[in-house]
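Worksheet for the structure shown next.
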Amino acid sequence: MTPSIASRRLLLAAAGASLLPLRTNAAGLLATPSQTEGPFYPTAFPADMDNDLVQVRGQTARAMGTVLHLEGRVLDLEGRPVEGALVEIWQCDAQGLYDHPRQPGRERRDSAFQGYGRLLVSADGRYSFRTLKPVAYAGRSPHIHFKVATSTGRMLTSQFYIAGDPGNDRDGVFRGIRDPRQRALVEMRLVSAPGLEAGALATSMDIVV
Ligand SMILES: [Fe+2]
């Protein structure tokens, strides 16, 4: 698993940097940076929009691609779990195709991939999705879109990337996050997770809103 927020905080403290005004608290917990929603947020939600995007209810086929177990917590700047937050994710299939009217070649998309999922976090702020390791498509490095809405009305829209992906440095959206400390909050460190599922990867990403 990747560094928890606690260990990230230690890393951030060790870095000792003080660059731009960032949303933070005295303990140095940074807010997850926001990113564009992009053009592919669903215009209609799938019938099945649970947190398992790899398996669509009623279908026997499993989505093409490498399974990724994405989990973490939704926290506030004090590090407290944000109970009742709604987390949504959406991404393209293993061929780089979204389930969206603006997607050229949409008819070729993998119908076994749900493409979108949502859940309410548990009382300890935890969320988890079974989805795909994201792939690149024209002009973009691999990413997973996400949105968080809290019960107090705070909203965050952003994207997760794969840490170390060579495409990140060429991706204008990713590069829009200038501060390496903020980048670290959206860079997924992928590890193999045979204990969860054969051939699957896993990552732990806390979201600070
Ligand atoms: Fe995208």
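Computed from the coordinates by the stated procedures, all read-outs in this text should not be read as laboratory data. This is a predicted model, so every value here is computed, not measured. We place every Cβ from the backbone using ideal geometry, glycine too, and count neighbours over all the protein chains shown.
General remarks:
- √(5λ) per eigenvalue of the Cα gyration tensor, segment 33-150, largest first, Å: 25, 16, 12
- Gaussian network model of the chain, springs between alpha carbon atoms under 10 Å - residue of Arg109, Arg80, Arg183 with greatest fluctuation: Arg80
- Cα-Cα pairs of segment 127-173 separated by more than 13 Å (percent): 63
- Segment 106-201 - Kirkwood radius from inverse mean 1/r over Cα pairs (Å): 15.5
- Using only alpha carbons, segment 39-91 has a radius of gyration to Kirkwood radius ratio (Rg to Rh) of 1.04.
- Sum of -39500 (n - 2.57) over DSSP H runs of 4+, divided by residues of the chain (222 nm, nearest 500): -2500 deg cm²/dmol
- P(r) histogram, all alpha-carbon pairs of the chain included - 5 Å bins from 0, percent: 1, 7, 15, 20, 21, 17, 11, 5, 2, 1, 0
- Charge dipole of segment 58-188 (Cα centre as origin; +1 on each Lys and Arg Cβ, -1 on each Asp and Glu Cβ, all else neutral): 220 debye, rounded to the nearest 20.
- Between the amide H of Gln159 and those of Gln35, Phe146, distances stay under 5 Å, these residues lying 5 or more places away or on another chain, with hydrogens modeled in the peptide plane.
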